[in-house]
Amino acid sequence: MIETQPLNARRTVDAVIVGAGFAGLYAIYSLTRLGLKVQAFEAGQDVGGTWYWNRYPGARCDVESEEYSYSFSDELDREWRWSARYAEQPEIHAYLRHVADRFDLRRHIGFETRVVSQVWDETRGIWTVTTNDGAQIEARFCVMASGNLTVPNYPDIPGLDQFGGTIYHSARWPQDAADFTGKRVALFGTGSTGIQIAPKVAAQAAHLYVFQRTPNFSIPAGPLGKLEAATAVPAHERRRKARATPFGLSNAVLSQQSALDATEAEREIKFETVWKSGGSQPFLATFRDLLTDIQANHTAADFVRRKIGQMVKDPATVQMLSSQDYPIGTKRPCVDTDYFATFNRPNVSLVDLRKTPIERITPTGIRTEGAELQVDALIFATGFDAITGALRNIAIQGRDMSLTEKWQDGPSTYLGLMTAGFPNLFIITGPGSPGVKSNMVCSIEHNVDWIADCISWMNRNAVSHIEPTAEAEQDWGRQVSEVAHRTLFPLADTWYNGANIPGKPRVFMPYVGGLHNYIAACDEIAAADYQGFVKAYATGEQSPERSQFAGLT
Ligand code: FAD
Ligand code: NAP
């Protein structure tokens with residue numbers, strides 16, 4: 001039974017959960033089903049996480065909705081019908097609201113409440129969690145469902161504070177839809193978000209200036225209508241198949257062929273086929289080595305550049321959109337609807353920030369070298385302090401040091417799930433996990449299941465707290481780095497390695513050895529009584545373990 005005290009009274013629960021997006025909601029569901037007393041906190045006014053905050057025009061998922069949804073309840077899956085192949089933000093948000101209501105999860109969540117600190121008391125084996133209203137709560141476990149893409153990145157441009165028009169960030173979009181009719185708008189950022197926003201704003205605005213720092217590759221979404229066949233397979237069965245694939249997609253087709261073994265004509269036919277059916281993951285899976293061999297990668301990049309040349313009329317704009325200096329797929333591949341064709345509109349201009357840097361924002365516009373553009377609104381689609389941002393925003397104090405101190409040269413974890421020195425603190429899709437390199441809902445459900453199983457096991461075995469050994473964590477960090485360096489990913493400046501945030505340590509954070517291999521490792525470790533973890537028993541005894549983790553390929 002949930003306690004009836006107000007949130008600002010100090011009380012004790014079994015677990016505090018930070019965040020109420022896909023991860024937090026499923027964590028609440030799973031831990032309460034174990035019989036744990038749970039308190040979740042959410043900074044937003046509602047559930048939804050990403051899908052609460054990112055309500056910009058054009059926002060939709062780019063993993064098909066049949067895959068990008070929960071699988072823990074076949075009933076839920078049967079009841080809910082997605083209206084499109086890639087649902088739009090309002091529908092995904094409605095789905096998460098439905099999940100919260102259907103499973104009665106809201107009563108465990110304190111909304112508009114930000115967790116500001118978490119302090120571990122070694123003597124009592126308890127976390128004290130403090131929220132922005134000054135309230136404190138004690139918990140044996142903390143589960144971080146605070147998200148990988150939650151802390152918006154605002155560029156530091158001189159004069160920004162003097163701008164007299166309206167400023168938007170895609171991840172802090174107002175509740176009421178913004179209307180750009182008749183407005184002159186400047187859009188910064190051409191990542192997945194900017195690429196979704198541009199066609200929508202261009203259709204309304206008097207003029208849209210797209211400020212591009214790095215040109216992006218993007219693959220068309222393909223037909224947007226609902227996929228008919230998919231729902232015939234029960235959710236849990238789709239997810240079982242998804243967990244056996246590198247990216248957590250049950251319908252993935254993985255080629256065994258090298259792009260370099262195909263003739264030019266064969267390659268063209270295969271790329272053309274996936275281009276027409278749509279989606280970046282299928283495109284990058286056309287051949288097995290597009291993300292591991294630079295020559296193979298060039299074949300895919302050249303194909304997309306040829307497509308840009310066919311879609312965009314002005315040769316100078318084609319050149320600006322096609323001058324990518326990194327392998328295709330190493331920045332998060334984008335999926336778009338009419339992005340490139342948008343540049344054929346007379347009311348759209350592309351500005352290359354590398355050739356035309358901004359001198360300053362003025363009260364009425366943007367001054368570049370030799371020109372001043374008058375604009376009414378600025379839209380920042382400039383991304384996030386990703387992966388570690390939300391965790392580092394909370395003052396998390398472990399046994400000997402803070403998380404910020406521990407991670408000053410980059411994050412280190414065991415399996416992305418826990419970090420040494422921070423007992424009973426679990427992270428969902430943390431750095432070192434495949435989370436952001438997969439269908440995230442698939443990874444989230446896996447991580448939450450693993451955490452719930454671990455807590456059950458602890459309770460059955462009278463283990464009071466658990467944390468990785470330093471050695472297991474180092475081994476895992478080595479593996480994360482090794483598998484990354486067998487791919488082309490480290491060749492690009494991305495949010496995966498912190499390059500998008502000035503001063504952030506450069507460490508490639510996701511595990512890219514494949515979700516299936518990661519899950520096998522997690523299972524093996526759990527089956528071996530949580531090998532690589534130190535367990536403290538309720539009796540006061542400790543079991544330091546040396547990692548015998550065999551290693552992944
Ligand atoms: P989030 O949804 O980010 O939720 C975290 C929540 O924690 C937030 O609501 C935040 O307010 C809260 N929080 C953080 N810190 C605190 C604190 N200190 N106190 C209280 N609350 C806090 N992934 C895919 O796999 N496929 C897609 O198609 C896809 N599309 C995306 C589109 C956009 C526009 C974006 C930004 C991301 C997309 N992603 C996609 C990634 C997406 O973030 C994940 O799929 C998923 O929604 C993450 O869920 P989560 O619960 O882990 O985190
Ligand atoms: P992003 O991928 O980090 O892109 C940010 C864009 O802003 C980049 O073009 C970046 O240029 C530019 N930028 C950053 N700082 C700048 C500055 N100071 N001046 C000028 N330009 C600047 O962020 P995002 O587009 O919000 O996407 C983040 C992630 O969210 C995606 O990778 C994806 O995982 C998820 N997402 C998914 C979807 C979807 O699936 N449907 C949609 C949106 C977002 P550089 O490239 O030069 O850094």
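If you take all other residues with their beta carbon under 13 Å from the beta carbon of Asn461, and give Lys and Arg +1 and Asp and Glu -1, the sum is -1.
Rg over Rh for the stretch 64-127 works out to 1.17, using Cα positions for both radii and the Kirkwood form for Rh. With a/c under 1.5 counting as rounded, go ahead and sort the stretch 179-295 into rounded, prolate or oblate using the C-alpha gyration tensor (a ≥ b ≥ c being the square roots of the eigenvalues; past the cut-off, prolate if a/b is larger than b/c, else oblate). Oblate, since a/c reaches 1.5 and b/c is not below a/b. Once the Cβ-Cβ distance of Gln374 and Asp325 is raised to the sixth power relative to R0 = 41 Å, the FRET efficiency obtained is 0.80. Relative to the dominant Cα principal axis of the chain, helix 515-527 is inclined by about 0°. Excluding same-chain neighbours fewer than eight residues apart, the aspartates and glutamates reachable from Lys270 by a Cα-Cα span under 19 Å are Asp261, Asp289, Asp293, Asp302.
Remark on Ala40: its backbone amide H falls under 5 Å from those of Ile17, Ile109, Gly110, a criterion applied only to residues 5 or more positions apart or on other chains, H modelled at 1.01 Å from N. If R0 is 30 Å, the Cβ-Cβ spacing of Arg354 and Lys276 corresponds to a FRET efficiency of close to 0.40. Counted residue by residue at 0.36 nm each, then reduced by the alpha carbon distance between them, the extension gain from Asp529 to Lys313 reaches 71.6 nm.
Sequence-ordered 3J(HN,Hα) estimates for the stretch 494-506 from the Karplus curve with 6.51, -1.76 and 1.60 and θ = phi - 60° stand at 9, 6, 5, 10, x, 5, 7, 10, x, x, 6, x, 8 Hz, glycine and proline given as x. Please check which bits of the stretch 481-514 a label hung off Gln295 would reach, taking the label as a point 7 Å along Cα-to-C-beta and the cut-off as backbone N under 14 Å. Answer for the stretch 481-514: none.
Shape class of the stretch 114-246 from the Cα gyration tensor (axes a ≥ b ≥ c, square roots of the eigenvalues): oblate, since a/c reaches 1.5 or more and a/b does not exceed b/c.
With all protein chains kept in place, the per residue accessible area of the chain amounts to 40 square angstrom at a probe of 1.4 angstrom. Relative contact order of the chain, please, whole-number percent, based on alpha carbon pairs below 8 angstrom and at least 6 residues apart. Answer for the chain is 18 percent. Farthest toward the positive end of the dipole of the stretch 53-206, out of Tyr68, Gln118, Tyr168, is the Cα of Tyr168, where the dipole comes from beta carbon charges about the Cα centre. In this label model, Leu34 and Arg81 are separated by 3.7 nm, measuring between points 7 Å along each Cα→Cβ vector. Working note: Cα atoms of the stretch 238-297, range along each principal axis, descending, whole Å: 36, 24, 15. Ellipticity at 222 nm from helices only: DSSP H runs of n ≥ 4 in the chain, each -39500 (n - 2.57), divided by the residue count, give -8500 deg cm²/dmol.
Calculation over all alpha carbon pairs of the stretch 442-553 in 5 angstrom steps from 0 returns a P(r) of 2, 11, 17, 19, 19, 13, 10, 6, 3, 1, 0 percent. With all protein chains in place and a 1.4 Å probe, the accessible surface of the chain carries 50 percent carbon and sulfur. Helix 89-102 versus the longest principal axis of the chain: what angle, 0 to 90°, nearest 10, using Cα atoms? In the chain, helix 89-102 runs at an angle near 20 degrees to the longest axis. Going 7 Å from the Cα of Gln408 in the Cα-to-Cβ direction, what parts of the stretch 475-514 have a backbone nitrogen less than 13 Å from that spot? Output list for this probe position: 505. For Leu350, nonlocal amide neighbours, meaning residues 5 or more places apart or on other chains whose placed amide H falls under 5 Å from its own, are Val210. Between His465 and Ala536, the built amide H atoms are under 5 Å apart, and every one of these is 5 or more places off in sequence or on another chain. Seen from Ala178, the other residues with C-beta closer than 15 Å to its C-beta sum to a net charge of +2, counting Lys and Arg as +1 and Asp and Glu as -1.
Listed by chain and number, the lysines whose alpha-carbon sits under 24 Å from that of Lys504, ignoring those within fewer than 8 places in the same chain, are Lys331, Lys406, Lys437.
Please report the spacing between the Cα centers of the stretch 325-367 and the stretch 84-115 in Å, no decimals. Computed from Cα coordinates, the inter-centre distance equals 33 Å. Against the longest alpha carbon principal axis of the chain, how many degrees, from 0 to 90 and to the nearest 10, is the axis of helix 470-485 turned? So the helix axis and the longest Cα principal axis differ by about 20 degrees. Across the stretch 361-371, computed HN-Hα scalar couplings (Karplus, 6.51 cos²θ - 1.76 cosθ + 1.60, θ = phi - 60°) run 8, 9, x, 10, x, 10, 9, 10, 4, x, 8 Hz from first to last residue, x flagging Gly and Pro. Taking the stretch 180-194 and a reference point 7 angstrom along Cα→Cβ of Ala206, the backbone N atoms nearer than 13 Å belong to 180-186. For Lys183, give me every one of the lysines with a C-alpha distance below 25 angstrom, ignoring sequence neighbours fewer than eight places off in its own chain. Counting by Cα, and skipping residues close in sequence, Lys183 has these lysines nearby: Lys200, Lys313. The phi-based Karplus calculation (6.51 cos²θ - 1.76 cosθ + 1.60; θ = phi - 60°) puts the 3J(HN,Hα) values of the stretch 29-43 at 4, 6, 6, 5, 5, 6, x, 7, 8, 10, 10, 9, 10, 9, 5 Hz, whole numbers, x for Gly and Pro.
The values are calculated or read from the model by the stated rules, or taken from the named source; none is laboratory data. Since this is a predicted model, take the numbers as computed values, not measurements. Ideal geometry is used to build each Cβ from the backbone, glycine not excepted, and the neighbour counts take in all protein chains shown. In case anyone asks, the SASA skips ligands and DNA or RNA and just uses the protein heavy atoms, side chains included. Shrake-Rupley method; radii C 1.70, N 1.55, O 1.52, S 1.80 Å.
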